[in-house]
Amino acid sequence: MIYLDNAATTKPCKEAIEAAEEAFINFANPSSLHRLGLEAEKMVLSARKAVAALCGCADSEIYFTSGGTESNNTVIRGIKAPKKKNHLITTKIEHPSVKEPFEIMKESGFRVDYIGVDEDGTINLDELYDKLDSETALVSVMHVNNETGTVQPIDKISKLIKQRTAGAFFHVDAVQSYGKIPFLPEKLGVDFASFSAHKINGIKGIGALYAKSAKILPWAAGGGQQKGIRSGTENVPGIAAFGAAAKFHLNNNASEIARLRGLFLKNIEENIPNVRYNGSRVDFSPYILNVSFLGIKAEILLHALESRGIYVSTGSACSSNKPMPSPTLVAMGRTKEEINGAVRFSFDDTLTENDVNEAVAALCDEVAKIRQVMR
Ligand SMILES: Cc1ncc(COP(=O)(O)O)c(C=O)c1O
């Protein structure tokens, strides 16, 4: 099996599974005052330290959530905007867990602007500059795009926000960058950021929110756990596994993955005619590669590769079951043919040169076969 769908989810690492098992055995509630409770609390504290260390923030700035979706919703729907600030900004290429909460905020009376991108998928900074005003309460921009891997210039965006409007918060959906490429929210002037454990070899249903200040209304009110920002008994096995996965990712192999991604793309472009690369050739995540095979329906190619034990994706996992064109590729100005033929290959640190060679050889065969039939 060659699994190239790591942007959808990754295989849990051995360390994460062991940490979860330990927390299942010590099943106590971390809020309990007895010894068993204190041991469970220790696991949560140690995991929080590891999760914070991976993005260079203080432990006190990390809140555990059920994943990237919850972290995004918590910030966007819970932002404590001052009365006169009624304006929100995001982009046209966000994950649905950002896009949908913005739609909800719009329906509840907020003015919302969606910033466009260029053909590489990089957001238009001039447009952002023009849209920022004194009423802007929150700007939300993803770090790495989950479909194309394009990396947004978070430092420049942060500076623009501070230059143009006082008191606007900056949220970054860092689900596809956290633990993979450097993301240091404090240094970048980011107020809130979202992370997800299952994208970094942790387990599903656990994530984190980085919050510099607690200027958000909790959507889950209750027992006051995690300073009241996220009530509810903590998912200790998930949290322990997240901590172990975060430690595991302290020494990831991004430069080798970048080399293999480069080889993958080069081999495709040299051996398969009529392809178009979707993304930036300058600022990209080494873990995501998106290519359109013209004249081919990506879903047919996906299943042809699957029959050879190679697993890829046609769009983001969350939207690939909806028969609608990828809004990200639409925003990048891709044609219908390019969008229909777009395949995402996404990697983790276990990728080898052998995998790359085998996958590209299979691609060459299957693309030629499908094109032959469609002629
Ligand atoms: C960029 C991005 N944001 C948010 C999410 C949602 O994360 P989760 O699956 O942890 O809810 C995903 C998942 O695909 C994603 O790629």
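The values are calculated or read from the model by the stated rules, or taken from the named source; none is laboratory data. Worth saying up front: this structure is predicted, and the values here are computed from it rather than measured. Here the Cβ positions follow ideal geometry from the backbone for every residue, glycine too, while neighbour counts run over all protein chains shown.
Could you identify the single residue in L209, L160 that is hydrophobic (A, V, I, L, M, F, W, C) and not in a strand (DSSP E or B)?
Details: L209 fails: not in a strand (DSSP E or B).
Within the list L209, L160, the selection yields L160.
The set of residues from segment 182-208 being within 13 Å of the ligand (Cβ to nearest atom) and of a type in the set (A, V, I, L, M) comprises A193, A197, I200, I203, I206, A208. Taking segment 86-111 on its own, how many of its residues are away from the ligand (no atom under 12 Å from the Cβ) and out of contact with any Ser or Thr (no Cβ under 7 Å at 6 or more places or on another chain)? Of the residues in segment 86-111, 12 are away from the ligand (no atom under 12 Å from the Cβ) and out of contact with any Ser or Thr (no Cβ under 7 Å at 6 or more places or on another chain).
Restricting the first member to segment 61-72 and to residues that are closer than 17 Å to A47 by Cα and more than 7 Å from the ligand (Cβ to nearest atom), and the second to residues that are assigned to a helix (DSSP H, G or I) and among the charged types (D, E, K, R), the beta-carbon pairs closer than 6 Å and six or more apart or on different chains are I62/R48. If you go through segment 215-247 and keep only what is among the basic types (K, R) and either farther than 20 Å from I76 by Cβ or more than 22 Å from the chain's Cα centre (by Cα) (or both), you end up with K215, K227, K247.
Could you tell me whether I79 is modelled with pLDDT under 95, buried (at least 20 other Cβ atoms within 10 Å of the Cβ) and out of contact with any Gly (no Cβ under 6 Å at 6 or more places or on another chain)? Here the answer is yes, as I79 does meet what is asked.
Can you find, within segment 123-138, the residue that is nearest to P82 (Cα to Cα) among those that are away from the ligand (no atom under 16 Å from the Cβ) and outside any helix (DSSP H, G or I)? Give the derivation first.
Pass one, segment 123-138, residues away from the ligand (no atom under 16 Å from the Cβ): 124-138.
Those left that are additionally outside any helix (DSSP H, G or I): 124, 132-138.
Numbers: N124: 27, L132: 16, D133: 14, S134: 11, E135: 9, T136: 10, A137: 8, L138: 11 Å.
Only one residue fits best here, namely A137.
Evaluated against (1) touching a residue at least 24 places away in the same chain (Cβ under 8 Å); (2) over 23 Å from K14 (Cβ atoms), I206 falls short on exactly one condition, (2).
A quick yes/no check of all residues on (1) of a type outside the set (F, W, Y); (2) crowded, with 22+ Cβ neighbours inside 10 Å; (3) closer than 23 Å to Y287 by Cα:
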position: T9; (1), (2), (3): yes, no, yes
position: F27; (1), (2), (3): no, no, no
position: F64; (1), (2), (3): no, yes, no
position: K92; (1), (2), (3): yes, no, yes
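Here V343, V356 are screened, and the one residue that is more than 23 Å from T122 (Cβ to Cβ), under 24 Å from the mean Cα position of the chain (by Cα) and not acidic (D, E) is V356. Does L329 satisfy the condition of being modelled with pLDDT of 95 or more and more than 23 Å from P96 (Cβ to Cβ)? Against the criterion (modelled with pLDDT of 95 or more and more than 23 Å from P96 (Cβ to Cβ)), L329 does not qualify.
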